[in-house]
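A short worksheet on the structure shown next.
The values are calculated or read from the model by the stated rules, or taken from the named source; none is laboratory data. Computed from a predicted model, the values in this text were never measured in an experiment. Heads up, the Cβs are rebuilt from the backbone with ideal geometry, glycines too, and the neighbour counts pull from every protein chain shown. In case anyone asks, the SASA skips ligands and DNA or RNA and just uses the protein heavy atoms, side chains included. Shrake-Rupley method; radii C 1.70, N 1.55, O 1.52, S 1.80 Å.
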Amino acid sequence: MPKISKKGVSMPESPIRKLVPYAEQAYKEGKTVYHLNIGQPDIKTPQVALDAVKIHSLDILAYTRSEGSEAYRIKIADYYRKYDIHVKHDDIIVTTGGSEALMFAFGSVMDADDEVIIPEPFYANYNGFSTASGVNIVPVISKIEDNFALPPIEEFEKLITPKTKAILICNPGNPTGYLYSEVEIKKLAAIVKKHDLFLIADEVYREFAYDGAKHYGILQEKGLEEYAIVVDSVSKRYSMCGARIGCLVSKNKEVIKTALKFAQARLSPPTLAQIASEAALETPQSYFDDVIEEYVERRNVLIEELSKIDGVNVANPKGAFYCIAQLPIKNTDKFAQWLLESFEIDGETIMVAPAAGFYSTPGVGLNQIRIAYVLNTESLKKAVHILKEALKVYKD
């Protein structure tokens, strides 16, 4: 019998999606499942984006340019200027989601067996992207006790080798919700310039910064033009996860020229989704003001309720819509499955994301979960109550 590739065997499962069969079985049994496991916002997509698809005048659904339509890229550049990021449309490649943008970045700046340093915990699919690209992740651990702040720069220095090609951050962070400060970005800028590395920043949650804090993007940092690569997406910004539109942004011409070859190999990003995404750029600021107000309220309710549970330690997120909670149990993989299979209160249970999958260091994060606060406050209160009661009876 033909064999699966070593790369295929080593591709990690999604810690977010691997529990789906158990959730589906719970639904078949008539249970209500509160989904704390996945970052799918319940916020409505801007109507202007939906209307743009409904009223389009196309009679042929044709390819666009491999780098995305020029009109859309010009408007993306205009969008960035609002955030003191000054790029031109030809510094931008439209991609099929932020995921493809990161794959293009990996393929453009790293060869097989090269290394990328990433503060962990990190977005779980970084593990998959690195495996698919033949790249090795070198983790530098951030700690819940420090609210997952940037680890000391000395820890990065210790890990740099001749194979190190880049440092990757997610800002604000998935799964931690940590928002890097301008000071921390400047520290990273200094180290990549010192060691001639790329700094790749996943900034898909740029708008989601709380408590008066401001997001500081790597393309705002002067002198970083040849080192900085930004990965972006419309998915969470406009609650358009299904559009699968992102972009890769860099002032480094060789990076863009190389990434374009990867873009040409997949021909073009989806046309209708670009139409929707271009229209979404007309979304008024009031939309984001309302969304941020809603997420702050949800975060506050979630953190307050979790803090009432004995033995639970939770980091306080300053951005995005995730947090990491440390539970008084040994293995949250087993716990998450048990919740779906064997526990309910009045026919209701919860689905969480075990946090070990957000680390690449074996054995780390086994007692942690990621919670996405994408439910309304009443649902969050019910979900945390279920978690509290479950912890009282669960046996490792």
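Below, the figures for the structure above:
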quantity: Residue count, the range 86-111 (criterion: closer than 30 Å to Ile141 by Cβ and under 22 Å from the mean Cα position of the chain (by Cα)); calculated: 15
quantity: Every pair of residues 6+ apart whose Cβ atoms lie under 8 Å, when the first sits in the range 276-302 and is over 22 Å from Gly97 (Cα atoms) while the second is among the charged types (D, E, K, R) and open to solvent by less than 30 Å² (accessible area, probe 1.4 Å); calculated: Ile292/Glu207
quantity: Any hit, the range 176-185, residues being in contact (Cβ under 8 Å) with a residue 12 or more places away in the chain, part of a helix (DSSP H, G or I) and not β-branched (Val, Ile, Thr); calculated: yes
quantity: Complete set of residues in the range 374-396 that are part of a helix (DSSP H, G or I) and charged (D, E, K, R); calculated: Glu378, Lys381, Lys382, Lys388, Glu389, Lys392
quantity: Output for the range 12-35, where each listed residue is over 25 Å from Pro362 (Cβ atoms) and among the aliphatic types (A, V, I, L, M); calculated: Ala23, Ala26, Val33
quantity: Test result for Ala101, at pLDDT 95 or above, within 30 Å of Ile256 (Cβ to Cβ), among the hydrophobic types (A, V, I, L, M, F, W, C) and out of contact with any helix residue (DSSP H, G or I) (no Cβ under 6 Å at 6 or more places or on another chain); calculated: yes
quantity: Any pair with Cβ under 7 angstrom, 6 or more apart, that starts in the range 381-393 at a residue that is open to solvent by 30 Å² or more (accessible area, probe 1.4 Å) and ends at one that is assigned to a helix (DSSP H, G or I) and modelled with pLDDT of 95 or more; calculated: Lys381/Val301; Lys381/Glu305
quantity: Filter result (in contact (Cβ under 8 Å) with a residue 40 or more places away in the chain, in a helix (DSSP H, G or I) and either of a type in the set (Asp, Glu) or surrounded by 18 or more Cβ atoms within 10 Å (Cβ to Cβ) (or both)) within the range 60-72; calculated: Tyr72
quantity: Selection from the range 206-232 of residues that are under 18 Å from Ile76 (Cβ atoms), open to solvent by less than 10 Å² (accessible area, probe 1.4 Å) and not in a helix (DSSP H, G or I); calculated: Arg206, Gly217, Ala228, Ile229, Val230, Val231, Asp232
quantity: Within the range 112-165, considering residues that are under 17 Å from the mean Cα position of the chain (by Cα), among the β-branched types (Val, Ile, Thr) and closer than 30 Å to Val312 by Cβ, the one most open to solvent (accessible area, probe 1.4 Å); calculated: Ile137
quantity: Of all residues making up the range 180-204, the number that are open to solvent by less than 10 Å² (accessible area, probe 1.4 Å) and farther than 25 Å from Glu254 by Cβ; calculated: 0
quantity: Filter result (among the hydrophobic types (A, V, I, L, M, F, W, C), farther than 30 Å from Asp290 by Cβ and either assigned to a strand (DSSP E or B) or open to solvent by 60 Å² or more (accessible area, probe 1.4 Å) (or both)) within the range 1-52; calculated: Met1, Ile4, Val9, Met11
quantity: Subset of the range 356-373 that is assigned to a loop (DSSP other than H, G, I, E, B) and not polar (S, T, N, Q) - its residue that is nearest to Glu29 (Cα to Cα); calculated: Tyr373
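Conditions (1) under 19 Å from Ser108 (Cα atoms); (2) aliphatic (A, V, I, L, M), marked per residue:
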{"position": "Ile153", "(1), (2)": "no, yes"}
{"position": "Phe156", "(1), (2)": "no, no"}
{"position": "Ala166", "(1), (2)": "yes, yes"}
{"position": "Gly173", "(1), (2)": "no, no"}
{"position": "Thr176", "(1), (2)": "no, no"}
{"position": "Lys194", "(1), (2)": "no, no"}
{"position": "Phe198", "(1), (2)": "yes, no"}
{"position": "Ala201", "(1), (2)": "yes, yes"}
{"position": "Arg206", "(1), (2)": "no, no"}
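Residues are listed down the side, and each one gets a yes or a no for (1) basic (Lys, Arg); (2) on the phi > 0 side of the Ramachandran plot; (3) modelled with pLDDT of 95 or more:
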position: Val301; (1), (2), (3): no, no, yes
position: Lys308; (1), (2), (3): yes, no, yes
position: Gly311; (1), (2), (3): no, yes, yes
position: Val314; (1), (2), (3): no, no, yes
position: Ile324; (1), (2), (3): no, no, yes
position: Lys330; (1), (2), (3): yes, no, yes
position: Ala336; (1), (2), (3): no, no, yes
